[in-house]
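*Asks:* Structure below; questions to follow.
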Amino acid sequence: MPTDIPAVVVDRLPHYLRTLRLMLDDGIEVVSSRELGEALGTTPAQIRKDLSYFGRFGKQGRGYDVSALLGDLTRILGLERSWPVVLVGVGRLGRAIITYPGLTPEGFHVRAAFDADPGVVGSNVDSVPVRPASEMERFIRDEEIEIAILATPGDVAQDVIDRLVACGIRGILNYAPMTPHVPNGITVRTIDPVQALQTMTFYLRDSEDEEDLLPKRKRGRRNNSRR
């Protein structure tokens, strides 16, 4: 994929994909950039700009063929094929991820899970075998797996990431509460519900607390200007 495409644009493509699927399910065959923008909560100009990074789509005055655009975005995102995945860390979160019903329909198949806990190794979670962590590298190489989901505690996550990268993993979905460090060419997406909630509370602050957001010196200058 070209490296000059902004990450925020790529991040929006799955939202386009989901919306187009819903439109197709509703029997909508053609959609304008205005209608697509309204469904996604953005502007027609943003829709056209995002899509322009990947080629020419639709016809002026007619709009986009929903089925054709859906197929194009599926190929752009690499979703025309199935992706085998491994999961590392079979705690409560790891088990929830394995049993999540939304992965398989989208082409992501958890082939194996790995854990260092002898009490977990040898079990099956929703028919996915839990293997010892010592077998992780060989399994990934033998099965030519490129994507891993990380659900370990934060204090061991970087070591696991280093091992994953060394054996050929190119994409990591990280649920561990830490900041991953990876070499160039490795894609990492971190999902941290706590951090998401922490940013949300910023916007939920009462307006009367606005003064507390200002540095003390700036706050003092503002108070002096009111005298």
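*Asks:* What residue among ALA96, ALA45, ALA148 shows peak mean-square fluctuation when the chain is described by a Gaussian network model with Cα springs under 10 Å?
*Replies:* ALA45
*Asks:* Mind checking region 2-93 for trypsin sites (Lys or Arg not before Pro) that DSSP puts in a loop (not H, G, I, E or B) and that have at most 12 other Cβ atoms within 10 Å? Present the calculation step by step, with values, prior to reporting the outcome.
*Replies:* On the way: sites: ARG12, ARG18, ARG21, ARG34, ARG48, LYS49, ARG56, LYS59, ARG62, ARG75, ARG81, ARG92; in loops: ARG56, ARG62, ARG81.
Within region 2-93, the qualifying trypsin sites (Lys or Arg not before Pro) (loop, at most 12 other Cβ atoms within 10 Å) are ARG56, ARG62, ARG81.
*Asks:* How many angstrom lie between the C-alpha centres of region 160-202 and region 47-91?
*Replies:* 23
*Asks:* Continuing with the same structure: Taking a point 7 angstrom from the Cα of ALA116 along the C-beta vector, which residues in region 160-179 have backbone N less than 13 Å away?
*Replies:* The answer is 160-163.
*Asks:* For n ≥ 4 DSSP H runs only, could you compute -39500 (n - 2.57) per run for the chain, divide by its residues and tell me the 222 nm figure to the nearest 500?
*Replies:* Numbers: 9 runs with 98 residues, N = 227.
-13000 deg cm²/dmol, from helical runs alone.
*Asks:* Given VAL30, VAL9, VAL125, which one lies farthest toward the positive end of the charge dipole of the chain, if we put +1 on the Cβ of every Lys and Arg and -1 on the Cβ of every Asp and Glu?
*Replies:* The Cα lying farthest towards the positive end belongs to VAL9.
*Asks:* Still on this structure, please answer the following. Evaluate E = 1/(1 + (r/R0)^6) for THR104 and ASP206, where r is the Cβ-Cβ distance and R0 equals 45 Å; express this FRET efficiency to the nearest 0.05.
*Replies:* After rounding, the FRET efficiency stands at 0.55.
*Asks:* Taking the Cα centre of the chain as the origin, how large is its charge dipole in debye, to the nearest 20, when only Lys and Arg (+1) and Asp and Glu (-1) carry charge on their Cβ atoms? Can you show the working numbers first?
*Replies:* Working: 29 positive and 31 negative charges, 243 e Å.
The dipole of the chain has a size of about 1160 debye.
*Asks:* Let me ask another. Please go through region 1-96 and write out the chymotrypsin sites (Phe, Trp or Tyr not before Pro) that DSSP classes as loop and that have at most 15 other C-beta atoms within 10 Å.
*Replies:* Taking region 1-96 and a limit of 15 other Cβ atoms within 10 Å, the loop chymotrypsin sites (Phe, Trp or Tyr not before Pro) found are TYR53.
*Asks:* Within a Cβ distance under 15 Å of ALA45, other residues only, what is the Lys/Arg minus Asp/Glu net charge? All intermediate terms of the calculation are to be shown ahead of the outcome.
*Replies:* Values: positive: ARG12, ARG34, ARG48, LYS49; negative: GLU35, GLU38, ASP50.
Taking every other residue near ALA45 into account, the sum is +1.
*Asks:* Quote the charge dipole size of region 83-194 about the Cα centre in Debye, to the nearest 20; the model charges only the Cβ of Lys and Arg (+1) and of Asp and Glu (-1).
*Replies:* Using only the charged Cβ atoms, the result is roughly 120 debye.
*Asks:* Still on this structure, please answer the following. Scan around TRP83 for amide H atoms under 5 Å from its own, H built in the peptide plane at 1.01 Å from N, and keep only partners 5 or more places away or cross-chain.
*Replies:* PHE108, HIS109
*Asks:* In whole Hz, what ³J(HN,Hα) sequence does region 157-173 give by Karplus (6.51, -1.76, 1.60; θ = phi - 60°), x for Gly and Pro?
*Replies:* These are the phi-based 3J(HN,Hα) values: 5, 5, 4, 5, 4, 4, 5, 4, 5, 5, 9, x, 5, 10, x, 10, 9 Hz.
*Asks:* So for each of 162-169, 194-201 I average, over its residues, the number of other beta carbons within 10 Å; can you give me the resulting order with the highest mean first? Walk me through the numbers before you get to the answer.
*Replies:* Details: 162-169: 17.2, 194-201: 9.0.
Peptide ranking by packing, descending: 162-169, 194-201.
*Asks:* Report ³J(HN,Hα) in whole Hz for each residue of region 104-112, in order, from the Karplus equation J = 6.51 cos²θ - 1.76 cosθ + 1.60 where θ = phi - 60°; Gly and Pro get x.
*Replies:* 4, x, 8, x, 10, 10, 6, 7, 7
*Asks:* Roughly how far apart, in whole Å, are the Cα centres of region 115-140 and region 11-40?
*Replies:* Region 115-140 and region 11-40 have Cα centres spaced 40 Å from each other.
*Asks:* Continuing with this model, one more query. Students often get this wrong, so try it: which of [x] 1.31; [y] 1.13; [z] 1.21 is Cα Rg over 2.2 N^0.38 Å as calculated from the structure shown?
*Replies:* Among [x] 1.31; [y] 1.13; [z] 1.21, the one derived from this structure is [x].
Every number in this text was worked out from the coordinates using simple rules, so none of it is lab data. Predicted model, so just to flag it, every value in this text is computed and none were measured. Reconstructed Cβ throughout: ideal geometry from the backbone, glycine too, with neighbour counts over all protein chains shown.
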